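Peer 1: I have a structure here, written as structure tokens, and I will follow up with some questions on it.
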Amino acid sequence: MARKKKIPSVPAAVERQETAVTLDTGLYARLSVLDNGKTDGDPIESQVKIIEQYLLEHPELKLADRYLDNGYSGVSFERPQWERLMRDVKAGKISCIIVKDLSRLGRNYIETGNFLERICPKLGIRFISVNDNYDTQNIRSQDELTVSIKNIVNDYYAK
């Protein structure tokens with residue numbers, strides 16, 4: 001019987017070197033100032049801290065830039081920093097958008113829903129709302145219903 005040459009085995013860790021995928025992430029915060037001087041949410045700095053803490057816990061998300069609309073209503077998506085963020089998304093600079101909660105994205109039920117259900121998938125954007133525990137990477141059917149209800153409440157609040 002012939003002897004077989006022994007082939008050295010390659011450790012599994014070396015065999016399949018996995019590369020971690022990082023997403024260039026845009027931090028978006030918005031604060032509108034109402035006529036009576038009260039704000040409709042946490043100060044911008046508080047929103048930024050919440051998002052930055054989330055980013056620390058998720059190394060797959062790399063902060064690329066901050067987009068802060070201070071003094072702009074969420075009823076319209078015509079906001080300078082939001083528009084700059086969307087230009088950066090279309091230019092391929094941002095592949096993930098993160099907000100503190102859905103009300104910071106917008107308070108217009110139709111436009112917010114359109115963004116989440118049509119624009120994000122079309123542009124391949126991952127969207128995360130920290131306090132709502134919502135991430136388009138892991139959507140379940142009950143999440144879609146919850147988000148719709150929250151967006152209706154946010155729209156109603158603005159009215």
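Peer 1: Calculated FRET efficiency, Gln137 and Arg66, Cβ-Cβ r, R0 30 Å, to nearest 0.05? Don't skip to the end; give the middle numbers.
Peer 2: Values: r = 22 Å, r/R0 = 0.72.
My answer for the efficiency is 0.90.
Peer 1: Going by amide H atoms built from the backbone, whose H comes under 5 Å of the H on Leu63, apart from near neighbours?
Peer 2: Thr25
Peer 1: Could I ask something else about it? Over all directions, how big on average is the projection of the convex hull of the alpha-carbon atoms in segment 54-134, in square nanometres?
Peer 2: Directional mean of the projected Cα hull area for segment 54-134 stands at 5.2 nm².
Peer 1: In µm²/s, what is D for segment 51-101 at 4 °C and 1.567 mPa s, where D = kT/(6 pi eta Rh) by Stokes-Einstein and Rh is the Kirkwood radius from Cα pairs?
Peer 2: Details: Rh = 12.1 Å.
Answer from the Stokes-Einstein relation: 107 µm²/s.
Throughout, read-outs are computed from the coordinates displayed, never taken from laboratory work. Since this is a predicted model, take the numbers as computed values, not measurements. Every residue, glycine among them, receives a Cβ derived from its backbone with ideal geometry; neighbour counts consider all protein chains shown.
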